[in-house]
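Down below is the structure, laid out as structure tokens.
The values are calculated or read from the model by the stated rules, or taken from the named source; none is laboratory data. Note that the structure is a prediction, hence the values are computed from the model and not measured. All Cβ positions, glycine included, derive from the backbone under ideal geometry; neighbour counts span all protein chains shown. The area values use the complete protein model at the heavy-atom level, side chains included, leaving out ligands, DNA and RNA. Shrake-Rupley method; radii C 1.70, N 1.55, O 1.52, S 1.80 Å.
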Amino acid sequence: MSDVKEQQEEEEEKDLRSVLVTSVLTLEKIDQGLYRGSHPWVPRSNTLFGGQIVGQALVAAGLTVGKGLHAHSLHCYFVRPGDPRVPVLYQVDLVRDGRSFSVRSVRAVQHGLAIFVCQASFQLDQPSPMEHQCCMPEAPLPESLLTWAELIDKAMRDPLLSERHRLGLSKILAKDVPIEIRPVLPIDYVPGTPLEPRQLFWVRAKGHIGEGDMNMHRCVAAYISDYSFVRTAWHPHVRMPMRSMASLDHSLWFHAPFRADEWMLYECESPWAGSSRGLVLGRLWRRDGTLAVSCAQEGVFRLRQKTPGAVPASKL
Ligand SMILES: CCCC(=O)SCCNC(=O)CCNC(=O)[C@H](O)C(C)(C)COP(=O)(O)OP(=O)(O)OC[C@H]1O[C@@H](n2cnc3c(N)ncnc32)[C@H](O)[C@@H]1OP(=O)(O)O
């Protein structure tokens, strides 16, 4: 094969690789245990996407552990909104290296202040006869479902949709998110329709990641796991006007190997909301029914108090 053709093929292969791996989760090394991350995608809130910070922090921690160690859990707090105008610095503290486990503490900093802190633990592969898991919920296969974008496109063709909602949906469509979603349960295209505090959707990274490093698939899953997660707690309350919503913390446990560029079923459920907070629990399933990842997150929801005049007449 000629050099030019080989180079061309290499370039094409590179283009097919997920942008999550080639840019979002590629960190620049500044010094020992110090890394810099950039943000190719910024949500409409104009603060940094929590999943990106979690994913990048896990990449930074993983760069400091020995070969053969894989992330099995991490526990994070989002303490300040991230500023999309400047990069994020990740400072990794090598807390302990034991025979089986290595623990790292990561502090994400902008403008000299912590925006995020987390602890991550890595383990050498240690098979054990003690094994069990619960069952994957039943769901139609992803190939039989419409994508989120197709569903929104369909909703936008509804002649009864108001101009305001049409504009909102077109903004969602315009977002170039590096993940693909196929909802199993109905989603709230039209704001104001209360739903169960539950979500079920197939999800995978856009593009090809390949077998690669198991830690990279875990970092991609960390990114994906924050997408649309916390709003599960908001589903039954959408009629209450909201001033702001943000994730406060995020925890992940990795159970079995998986590929983040292959379809996984994301099961999200909110068992509780109160005190301006909502708790969401999640499970990422491999399509063969293996439980790959468990997650938990609490979010803060600041609602506008209804004025006494807003009480419906039927309740007076
Ligand atoms: C939703 C998609 C999922 C995501 O990815 S979200 C992105 C990841 N998460 C984040 O960026 C959250 C980062 N963390 C934070 O911003 C703060 O920790 C968080 C959650 C706001 C809590 O902070 P606080 O302790 O309240 O901090 P603060 O005093 O600086 O206030 C921040 C804003 O909240 C307001 N606030 C605080 N207590 C309040 C209250 N009781 N009632 C109404 N408003 C209240 C406060 O005025 C301030 O508002 P503003 O920003 O000045 O407009």
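Among the numbered criteria (1) open to solvent by less than 50 Å² (accessible area, probe 1.4 Å); (2) outside any loop (DSSP other than H, G, I, E, B); (3) at pLDDT below 95; (4) away from the ligand (no atom under 11 Å from the Cβ), which one does Trp234 miss?
(4)
Show the residue pairs meeting these rules: Cβ distance below 7 Å; 6+ apart or different chains; first residue within the stretch 211-225 and assigned to a helix (DSSP H, G or I); second residue polar (S, T, N, Q) and crowded, with 24+ Cβ neighbours inside 10 Å.
Filtered contacts from the stretch 211-225: Tyr223/Gln52.
Take the stretch 26-38 and flag every residue that is farther than 20 Å from Arg218 by Cβ, touching a residue at least 12 places away in the same chain (Cβ under 8 Å) and not basic (Lys, Arg).
Result: Ile30, Leu34, Ser38.
Looking at the structure I just gave you, is Gly168 open to solvent by less than 80 Å² (accessible area, probe 1.4 Å) and on the phi > 0 side of the Ramachandran plot?
Numbers: open to solvent by less than 80 Å² (accessible area, probe 1.4 Å): yes; on the phi > 0 side of the Ramachandran plot: no.
When the stated conditions are applied, Gly168 does not pass them.
Looking at (1) in contact with a Gly (Cβ under 7 Å, 6 or more places away or on another chain); (2) within 11 Å of the ligand (Cβ to nearest atom); (3) open to solvent by less than 50 Å² (accessible area, probe 1.4 Å); (4) over 19 Å from Ala205 (Cα atoms), which is the only condition Phe229 fails?
Against the list (1) in contact with a Gly (Cβ under 7 Å, 6 or more places away or on another chain); (2) within 11 Å of the ligand (Cβ to nearest atom); (3) open to solvent by less than 50 Å² (accessible area, probe 1.4 Å); (4) over 19 Å from Ala205 (Cα atoms), Phe229 comes up short only on (4).
Mind checking whether some residue in the stretch 44-54 is in contact with a Phe, Trp or Tyr (Cβ under 9 Å, 6 or more places away or on another chain) and among the basic types (Lys, Arg)?
Checking the stretch 44-54: not a single residue is in contact with a Phe, Trp or Tyr (Cβ under 9 Å, 6 or more places away or on another chain) and among the basic types (Lys, Arg).
In this structure, does Lys175 turn out to be open to solvent by 40 Å² or more (accessible area, probe 1.4 Å) and closer than 29 Å to Leu48 by Cα? Working first, answer last.
Working: open to solvent by 40 Å² or more (accessible area, probe 1.4 Å): yes; closer than 29 Å to Leu48 by Cα: yes.
Against the criterion (open to solvent by 40 Å² or more (accessible area, probe 1.4 Å) and closer than 29 Å to Leu48 by Cα), Lys175 qualifies.
Can you find a residue in the stretch 194-210 that is farther than 26 Å from Lys154 by Cα, open to solvent by 50 Å² or more (accessible area, probe 1.4 Å), in a loop (DSSP other than H, G, I, E, B) and not hydroxyl-bearing (Ser, Thr, Tyr)?
Quick first cut of the stretch 194-210, residues farther than 26 Å from Lys154 by Cα only: 208-210.
Narrowing the set further to residues that are open to solvent by 50 Å² or more (accessible area, probe 1.4 Å) leaves 208.
From what is left, the residues that are in a loop (DSSP other than H, G, I, E, B) are none.
There is no residue in the stretch 194-210 that is farther than 26 Å from Lys154 by Cα, open to solvent by 50 Å² or more (accessible area, probe 1.4 Å), in a loop (DSSP other than H, G, I, E, B) and not hydroxyl-bearing (Ser, Thr, Tyr).
Check Pro127 against each of (1) under 15 Å from Leu63 (Cα atoms); (2) open to solvent by 90 Å² or more (accessible area, probe 1.4 Å) and name the one condition it does not meet.
Going through (1) under 15 Å from Leu63 (Cα atoms); (2) open to solvent by 90 Å² or more (accessible area, probe 1.4 Å) one by one, Pro127 breaks only (1).
For the stretch 100-149, which positions are part of a loop (DSSP other than H, G, I, E, B), of a type outside the set (D, E, K, R) and under 23 Å from the mean Cα position of the chain (by Cα)? If you could, list the steps in order and put the result at the bottom.
Taking the stretch 100-149 first, the residues part of a loop (DSSP other than H, G, I, E, B) are 100, 111-112, 125-141, 145-147.
Pick out the ones that are also of a type outside the set (D, E, K, R) and you get 100, 111-112, 126-130, 132-137, 139-141, 145-147.
Of everything in the stretch 100-149, those that are part of a loop (DSSP other than H, G, I, E, B), of a type outside the set (D, E, K, R) and under 23 Å from the mean Cα position of the chain (by Cα) turn out to be Gln133, Cys134, Cys135, Met136, Pro137, Ala139, Pro140, Leu141, Leu145, Leu146, Thr147.
Could you check the stretch 34-65 and list, in sequence order, the residues that are open to solvent by 40 Å² or more (accessible area, probe 1.4 Å) and either part of a loop (DSSP other than H, G, I, E, B) or among the polar types (S, T, N, Q) (or both)?
Matches in the stretch 34-65: Ser38, Pro40, Val42, Arg44, Ser45, Asn46, Thr47, Leu63.
Taking the criterion of being within 13 Å of the ligand (Cβ to nearest atom), open to solvent by less than 20 Å² (accessible area, probe 1.4 Å), under 13 Å from Arg198 (Cα atoms) and not in a loop (DSSP other than H, G, I, E, B), would at least one residue in the stretch 250-260 satisfy it?
Taking the stretch 250-260 as the starting set, the residues that turn out to be within 13 Å of the ligand (Cβ to nearest atom) are 250.
With open to solvent by less than 20 Å² (accessible area, probe 1.4 Å) added as a condition, the list becomes 250.
Narrowing further to those that are under 13 Å from Arg198 (Cα atoms): none.
Within the stretch 250-260, none of the residues are within 13 Å of the ligand (Cβ to nearest atom), open to solvent by less than 20 Å² (accessible area, probe 1.4 Å), under 13 Å from Arg198 (Cα atoms) and not in a loop (DSSP other than H, G, I, E, B).
Can you tell me which residues in the stretch 94-132 are within 16 Å of the ligand (Cβ to nearest atom) and under 21 Å from Gly68 (Cβ atoms)? Full working, then the answer.
Filtering the stretch 94-132 for residues within 16 Å of the ligand (Cβ to nearest atom) gives 106-111, 113-118.
Within the stretch 94-132, Val106 is the sole residue that qualifies.
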